Amino acid sequence: MRAVRKRETPSAAPARHALAPGRRIGAALLAAAVITLATETYLVVADRTVSGPGVPRTDQSFLVEGLGQGHRISQTFVMRANGLDGIRLNAVAQGETDAGELALALYEVTPDQESAAVGGAERLLFRDRVSVDTLTRHPTFLFAVPPIDESAGRLYRIDIWMPEPRPAAGIGLWATDGRSSDGGSLFINGASGYAELVFEARATRATVWAGLEHRFGRFGLTWLLILAAVAHAALFVGLRAVVAVAGVGVLAPGPR
């Protein structure tokens, strides 16, 4: 009699190993989803420096003088983002000496008082003194103020003057004809001119979240969050379906 060989049954081990590719795909997709969520969270929540309204220096810019003679120079602007914490100015020393000090002050005014932005109802937010040498040592000077959390959409005014006038100081601030910033205007001793200082407002603590709230409002931001949640849910459902299909494809028996 011929010996009948016993047919060996395939071990279950290969089947277990066959799951590995599907699991690797699932792990890769899960890692991609986690990285995507982490990146979105960082972009929305993380603080960053945002340039606010401003007026650049051009070939048509000119110097506004008179600080050494006791003139008071002011600039209004509407901030576009929350977290206002500084205004960058362009000053030049033209006199015989850089001695003396300049005073800088930041005020908040309401939009309906723009015509009376100098001398009208106002709220002093911050005031400081800097030496003329410090202000004119570099091409630009940053007037840093304590961060204002809810500054978006509000009208501000910065005043620059010399408490103890020194005609020999001869300090000039760069300005540009016209009005290019939102709600901005140059004032000299309370009189408005059709020009603006060369300046740039900044917000270091501004976030994408704050910018979206300012752009769309709270109601619009709520709908935007709902749409984002639906989109993420659809993404995860799609990823789960892809993982399931990949697992079935790996476990499916091949042709005999």
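Just so it is clear, none of the values below were taken in a lab; they were calculated from the coordinates. Since this is a predicted model, take the numbers as computed values, not measurements. As a convention, Cβ positions derive from the backbone with ideal geometry for all residues, glycine included, and neighbour counts pool all protein chains shown.
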- Query: From the square roots a ≥ b ≥ c of the eigenvalues of the alpha-carbon gyration tensor of region 128-207, which class results: rounded (a/c under 1.5), prolate (a/b over b/c), or oblate?
  - Reply: oblate
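Take M162, M79 and order them by how many other Cβ atoms sit within 10 Å, fewest up front.
On the way: M162 21, M79 26.
Fewest-to-most ranking of M162, M79: M162, M79.
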- Based on the Cβ-Cβ distance from R123 to D177, what FRET efficiency comes out when R0 is 25 Å, to the nearest 0.05? 0.25
- Message: Using a 10 Å cut-off around each Cβ, can you sort W223, W161 from fewest to most neighbouring Cβ atoms?
- Response: W223, W161
- Query: How much FRET efficiency would the formula 1/(1 + (r/R0)^6) give for A93 and L142, where r is the Cβ-Cβ distance and R0 is 25 Å, rounded to 0.05?
  - Reply: 0.90
- Quick one: if you stick a label point 7 Å off each Cα along the C-beta vector at E150 and F236, how many nm between them? 3.3 nm
- With +1 at each Lys and Arg Cβ and -1 at each Asp and Glu Cβ, the charge dipole magnitude of region 48-206 around its Cα centre, to the nearest 20 debye, comes out at 300 debye
- Query: When the Cα centres of region 153-190 and region 71-97 are compared, how far apart do they sit, in Å?
  - Reply: 7 Å
